[in-house]
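Below is one structure, written out as structure tokens; comments come after it.
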Amino acid sequence: MALLQISEPGASPNPHQRRIAIGIDLGTTHSLVASVRNGVAECLPDGQGRVILPSVVRYVDAQRRQIGFDALENQVADPANTIASVKRLMGRGMADVAHAEKLPYALVDEPGMVKVRTIAGEKSPVEVSGEILATLRFRAEDTFNDDIFGAVITVPAYFDDAQRQATKDAAQLAGLNVLRLINEPTAAAIAYGLDNGSEGVYAVYDLGGGTFDISILRLSAGVFEVLAAGGDSALGGDDYDRALADWLLHESELTIDSMEDQARLLAHARQCKEVLSSEEIVTAEVDLSTGRIDLSLNREQFEAATAALTARTLQAIKKALRDAKLTKDDIKGVVMVGGSTRMPQVRHAVGEFFGQEPLVNLNPDEVVALGAAIQANQLAGNNPDGDLLLLDVIPLSLGIETMGGLVERIVPRNQTIPTAMAQDFTTYKDGQTALALHVVQGERDLVADCRSLARFELRGIPPMAAGVARIRVTFTVDADGLLNVAAREQVSGVEARIDVKPSYGLSDDQIAQMLKDSFSTAQQDMQARALVEARVDADRLLLATRSALAADGGLLTPDERAAIDQAMALTQQALSSTDAAHVEAVSKALAQATEAFAAARMNHGIAQALAGKNIETI
Amino acid sequence: MNLQADDFELFGLDRQFTQDRAALDDRWKALQREAHPDKFAAQGAAAQRVAMQWSVRINEAYQRLKDPLKRAAYLCELAGFPVNAHSNTAMPAAFLMQQMEWREAMDDADGADALESLADAVQASMKKLLQQCASLLDEQHDFAAAVGTIRALMFIEKFTQDLNQRLDQFA
């Protein structure tokens, strides 16, 4: 008997249709978008064939902005409104930004995260990053002439919770469905490892424009297990530029007194740095308002001026190796990632440290985006037989403040995520009915030396003698590396929980407002957008439920199956509705109807994993 | 299988101290292959939530099983002999004396080399106690005695952490 496939109006005729999934490397200096096409990951070029998008946004006036190369061209002419290296400001307060006085644009101190003062008003780094992400999203949509199902966005492994959350918010502003945030070195390892069929322990040395990461990974049979991650989220090529700029000023006995000079000098220092990657000597010629720099500079002088920076990266490698309980002899290969690894002194120092030539056969600018695209393709379900599995870690310890300004660590660094860990605390005063919790991240023992993530209160504790209450504080870190904290008094059951989010001052309302204002959505009617999103979500859920039923439908009783079928039918009907709220309501009902099924499938999967193993070992 | 199963059941291993680390690692990866949220990224919130719960539970069990000290304490707890490390800190005098000697040696160390050789001595002592633990748990099934050994090991582990911190300062 022939089976007829019936397409409902508005439904996808082919449930196995490929979903467009992209990987985005949101870099300090430049950003890229990649996707898997015909089984191969490739970076998507813009209309002029360029894959790189300079991470530069220029606010021309209140309405207009330039992004990428156009903005970069105007950097020296209009430094105050041209924001480069915004990644260094993500999730950062004024006190955290190193060399704020040397930036060619003006920062505004705001609680939690700085803003940049521009001709178009004060801009949050989240908004600026959102512009870059939206530009890449449009590039991908134009390439495929289709909507994007979802994106994997990379972040430095050493990014803390606030920096990760800020990145996710930026993606939301850009209208992207974030499938996962993954760490840049891990993404590079995917691109590298899958290309080379590598097995064993590898180090990924990732020196970008503004961040440095070192990750130690074990690769085996498609599993990428991060053993330790370390680094410095404020160390990169920019710092080499700055060190060289300082050296040039010092040698020429000049000073800087305007943003224009600052921008011109930094741009020139960067050019000299790039020339010195292939040449032995370069002439530095730059006219400043205070005088002219004109001197020749050789590679040795540049290396001496920046040796301290390279040495800092080696210190971080040693720490990561200790954390992984390995020595450098255990490392089978060292993968170099990030444009700054083009500097010969960096390659040389790393090669000398590990006693082997680092691997540089992949384009260090593209490898992160390519790895992200491979993971995005897998997460979107385009590669059901793929055996890629990422087991990543949290880079920095998480804890809470206790008496005397000390940190009690709850999740130690290098813990595999997702993870949940709990610790019990008690009250210190008789009759105490509230407890203030201060969540921090970092390796130091004093709260003052760690990054403050959030503060919240557990209220309504029944009065008890000091030390009687038992308050269990649970930290949950999800697969994106994002933290959620819950506190519960065990005797009374009083609860408080928080998504660690508002510490830098962007509430959901503010994000909604930015979304409304942002150029990525300005031309669209918000309601139409809501309907489209609700339909896409409903459709996604239907597809997922269908494939789950096809795989494990046998686990259901006829009654359970009937309930799910009914919820699916209602959702399917709702796809042609124009009422976004209705579409959301039936989707929610379908999600609820499948909750028990999801649990049953998981039990089944786990049991099978064990059964398979037992047979193998017999 | 359910979320309430103990770590050994969850990993399909015999409930004993002696474990093959390579087999344990393989089992962990096989379980995460089934349960990791990445596998359910395109499958809606319900599946994500379940995956998160399981994946967290599997990681929790793995952390406990792979660390000999945590594994030993867990076995005692399952057998009804909780270690209660925080409330019960009474230790034999000889053991405390040695701890004090080590602490003094650490404070007096004037370089990484001196610290390294102290670390070696501490490691050796730890290894010996772990062997003792294995015998008490797997052969003699004397959990009460094992609890004492585990407490000693916890002291040594804490000391090792402090020692590593000092080493970091010299590095």
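The values are calculated or read from the model by the stated rules, or taken from the named source; none is laboratory data. Keep in mind it's a predicted model, so treat the numbers as computed, not measured. Cβ coordinates were reconstructed from backbone atoms using ideal geometry, including for glycine residues, and neighbour counts include every protein chain displayed.
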Only one of (1) in contact (Cβ under 8 Å) with a residue 60 or more places away in the chain; (2) within 18 Å of the chain's Cα centre (by Cα) fails for residue A:484. Which number is that? (1)
Residue A:245 - would you say it is closer than 20 Å to residue A:29 by Cα and not hydroxyl-bearing (Ser, Thr, Tyr)? yes
Do we find a residue being over 27 Å from residue A:384 (Cβ atoms), part of a loop (DSSP other than H, G, I, E, B) and at pLDDT below 95 anywhere in segment A:10-26? no
Going residue by residue through segment A:347-369, is there one that turns out to be more than 12 Å from every other protein chain (Cβ to nearest Cβ), touching a Ser or Thr at 6+ places or on another chain (Cβ under 6 Å), modelled with pLDDT of 95 or more and within 29 Å of residue A:444 (Cα to Cα)? yes
Of residues in segment A:398-418 being under 11 Å from residue A:440 (Cβ atoms) and within 24 Å of the chain's Cα centre (by Cα), the one farthest from the other protein chains (Cβ to nearest Cβ): A:400
When segment A:318-339 is checked residue by residue, the ones that are in contact with an Asp or Glu (Cβ under 9 Å, 6 or more places away or on another chain) and closer than 23 Å to residue A:367 by Cβ are A:321, A:324, A:332, A:334, A:335, A:336, A:337, A:338, A:339
What are the residues in segment B:62-97 that are among the polar types (S, T, N, Q) and under 19 Å from residue B:131 (Cα atoms), if any? none
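Which helices (runs of 4 or more DSSP H) does segment B:1-107 wholly contain that include 3 or more residues that are more than 10 Å from chain A (Cβ to nearest Cβ)?
Filter on segment B:1-107 gives B:21-35, B:44-66, B:68-78.
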So residue A:422, is it closer than 17 Å to residue B:60 by Cβ, of a type outside the set (S, T, N, Q) and either more than 12 Å from chain B (Cβ to nearest Cβ) or surrounded by fewer than 17 Cβ atoms within 10 Å (Cβ to Cβ) (or both): yes
Would you confirm whether any residue within segment A:262-270 is charged (D, E, K, R) and assigned to a strand (DSSP E or B)? no
For the subset of segment A:205-226 comprising residues that are more than 17 Å from the chain's Cα centre (by Cα) and of a type outside the set (Gly, Ala, Ser), which member is farthest from residue A:267 (Cα to Cα)? A:223
Of the conditions (1) touching a Phe, Trp or Tyr at 6+ places or on another chain (Cβ under 8 Å); (2) in a helix (DSSP H, G or I), residue A:91 clears all except one; give me its number. (2)
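Only one residue in B:153, B:137, B:118, B:130 is crowded, with 19+ Cβ neighbours inside 10 Å and under 14 Å from residue B:75 (Cα atoms). Which one? Give the derivation first.
Details: B:153 fails: under 14 Å from residue B:75 (Cα atoms); B:118 fails: under 14 Å from residue B:75 (Cα atoms); B:130 fails: crowded, with 19+ Cβ neighbours inside 10 Å.
The match here is B:137.
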Anything in segment A:299-346 that is closer than 24 Å to residue A:248 by Cα and charged (D, E, K, R)? List them, or say none. A:299, A:300, A:303, A:312, A:342
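For every residue, the table says whether it meets (1) over 17 Å from residue B:1 (Cα atoms); (2) more than 9 Å from chain B (Cβ to nearest Cβ); (3) touching a His at 6+ places or on another chain (Cβ under 8 Å); (4) at pLDDT below 85.
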site	(1), (2), (3), (4)
A:568	yes, yes, no, no
A:578	yes, yes, no, yes
A:598	no, no, no, no
A:608	no, no, no, yes
A:612	no, no, no, yes
A:617	yes, no, no, yes
Going through segment B:133-171 in order, the residues found to be among the hydrophobic types (A, V, I, L, M, F, W, C), under 13 Å from residue B:106 (Cβ atoms) and within 14 Å of chain A (Cβ to nearest Cβ) are B:163, B:167, B:170
Does segment A:39-60 include one or more residues that are surrounded by fewer than 17 Cβ atoms within 10 Å (Cβ to Cβ), modelled with pLDDT of 95 or more, under 26 Å from residue A:119 (Cα atoms) and not charged (D, E, K, R)? no
Among (1) free of Cβ contacts under 8 Å to residues at least 24 places away in the same chain; (2) outside the structural domain of residue A:31 (by TED's automatic domain parsing); (3) in contact with a strand residue (DSSP E or B) (Cβ under 9 Å, 6 or more places away or on another chain), where does residue A:258 come up short? (1)
Confirm whether residue A:225 is in contact with a strand residue (DSSP E or B) (Cβ under 8 Å, 6 or more places away or on another chain), assigned to a helix (DSSP H, G or I), in contact (Cβ under 8 Å) with a residue 24 or more places away in the chain and acidic (Asp, Glu). no
In segment A:216-238, which residues are modelled with pLDDT of 95 or more and away from chain B (no Cβ under 14 Å)? A:216
Which members of segment A:528-570 meet the condition of being farther than 20 Å from residue A:149 by Cβ and either charged (D, E, K, R) or not assigned by TED's automatic domain parsing to the domain that holds residue A:602 (or both)? A:552, A:559, A:560, A:561, A:565
Just give me the residues in segment A:210-222 being surrounded by fewer than 24 Cβ atoms within 10 Å (Cβ to Cβ), under 19 Å from residue A:479 (Cα atoms) and touching a residue at least 60 places away in the same chain (Cβ under 8 Å), in sequence order. A:222
Taking residue A:114 as the residue in question, decide whether it is in contact (Cβ under 8 Å) with a residue 12 or more places away in the chain, in contact with a helix residue (DSSP H, G or I) (Cβ under 6 Å, 6 or more places away or on another chain) and within 14 Å of another protein chain (Cβ to nearest Cβ). no
Being under 31 Å from the mean Cα position of the chain (by Cα) and within 16 Å of residue A:247 (Cβ to Cβ) is the filter here, so list the residues in segment A:304-329 that pass it. A:306, A:307, A:308, A:309, A:310
